[in-house]
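Just below is one structure, and these are the notes that go with it.
The values are calculated or read from the model by the stated rules, or taken from the named source; none is laboratory data. The structure presented is a predicted model; accordingly, all values stated were derived computationally and were not measured. Cβ atoms come from the backbone with ideal geometry, glycine included; neighbour counts cover every protein chain shown.
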Amino acid sequence: MADKETKTVNFDKLKATVETGVRMQDNVIDATPYFLEENQKQALGERRVGLGVMGLHDLLIYCETEYGSEEGNKLIDQVFEVIATTAYRASVELGKEKGSFPFLIGDTEEETARLREAFTNTGYMKKMPEDIREEIKASGIRNSHLLTVAPTGSTGTMVGVSTGLEPYFSFSYFRSGRLGKFIEVKADIVREYLEENPDADPNNLPKWFISAMDLAPEAHADVQCVIQRWIDSSISKTVNAPRGYTVEQVQKVYERLYNGGAKGGTVYVDGSRDAQVLTLKAEENTFEESETVKPKAEARKAHVVLVDTISDVRSTDVTIGSEVGNTCPVCRKGKVKEIGGCNTCTNCGAQLKCGL
């Protein structure tokens with residue numbers, strides 16, 4: 001949806017895509033086989049769908065706007081307002097064409113009018129433009145819910161974009177998954193930028209290349225609340241907090257989410273589990289450090305590292321395994337070799353990315 005030439009959002013394309021997406025998802029409800037009568041009754045009664053997003057951070061980067069900034073939040077608010085209002089207008093038109101969702105239809109005209117009145121007076125619908133509310137009162141709407149933001153970690157990574165509404169965790173990081181531990185990932189959008197700007201310093205990128213760990217937890221929470229304003233269901237969003245974040249600091253983030261209108265929230269403190277999916281370094285977490293992190297306002301860390309994050313293996317030959325060389329990124333002592341079908345360290349036995 002980004003116009004890379006003008007560095008703006010193509011809102012006409014966005015509206016057309018949302019309209020098509022709503023109709024497609026509504027068709028899926030009828031095309032789905034239901035194995036339990038209760039599921040069928042609920043699904044066909046509500047006709048609930050969940051149009052979401054992927055690659056939001058890419059959009060902001062192409063628009064040269066910083067994620068989490070005041071300017072970024074204004075653009076995000078504008079984007080999601082267009083998505084929400086377009087989706088609801090499309091569902092109203094579908095309702096005229098195919099009928100409202102059954103749970104909005106009463107046994108009498110009076111009861112139907114009462115149900116529509118109640119629907120348009122919910123907390124979310126009161127925030128919608130008045131013309132949409134009046135249309136629903138007059139002719140109903142096809143779907144009870146239309147929007148959500150689902151977690152798209154694996155699919156976003158697969159197609160090379162930022163996942164869901166999340167900012168990039170980093171522009172160079174290690175991912176643990178079905179293919180093994182510590183698989184290095186570099187963001188395509190950075191390579192694209194450096195190819196188009198050969199004179200750019202890869203270690204000093206523009207401010208809009210901000211990563212999740214550069215953002216203050218409060219900024220993460222505020223972005224979620226801006227988006228929740230336009231989402232009628234729940235949102236998948238992780239508030240990333242630095243290592244050592246205290247219980248009291250986490251509590252304040254949850255209070256910020258609640259006061260901002262979020263329906264839920266997740267706060268993840270870096271290094272708080274002995275294993276995590278995304279890490280900035282190819283090493284296991286330890287719990288020996290007990291330092292307390294002071295809250296940061298707008299302070300930012302240095303920009304993300306675009307070179308290999310394990311300096312002592314950068315010069316090794318790359319033929320197999322962890323994608324940063326044959327030296328094991330876990331123990332940094334053994335060599336990675338193919339053993340029993342998997343790439344395994346000869347020293348510590350760590351199983352890395354298999355040759356799939």
- Query: When both residues are 6+ apart or on different chains and their Cβ atoms are under 7 Å apart, which pairs have a first residue that lies in the stretch 186-204 and is in contact (Cβ under 8 Å) with a residue 40 or more places away in the chain, and a second that is in a helix (DSSP H, G or I)?
  - Reply: Ile189/Asp58; Ile189/Ile61; Pro202/Leu194
- When you go through Gly106, Gly123 one by one, which is the residue that is under 29 Å from the mean Cα position of the chain (by Cα) and assigned to a loop (DSSP other than H, G, I, E, B)? Gly123
- Message: Just checking: which of the strands (runs of 3 or more DSSP E) contained wholly in the stretch 153-246 hold 2 or more residues that are at pLDDT 90 or above and either among the hydrophobic types (A, V, I, L, M, F, W, C) or in contact with a helix residue (DSSP H, G or I) (Cβ under 7 Å, 6 or more places away or on another chain) (or both)?
- Response: 238-241
- Query: Looking at this structure, is Thr279 buried (at least 17 other Cβ atoms within 10 Å of the Cβ), modelled with pLDDT under 95 and touching an Asp or Glu at 6+ places or on another chain (Cβ under 7 Å)?
  - Reply: no
- Note on the structure: Among (1) in contact with a Ser or Thr (Cβ under 8 Å, 6 or more places away or on another chain); (2) under 22 Å from Val149 (Cα atoms), Lys96 falls short only on (2)
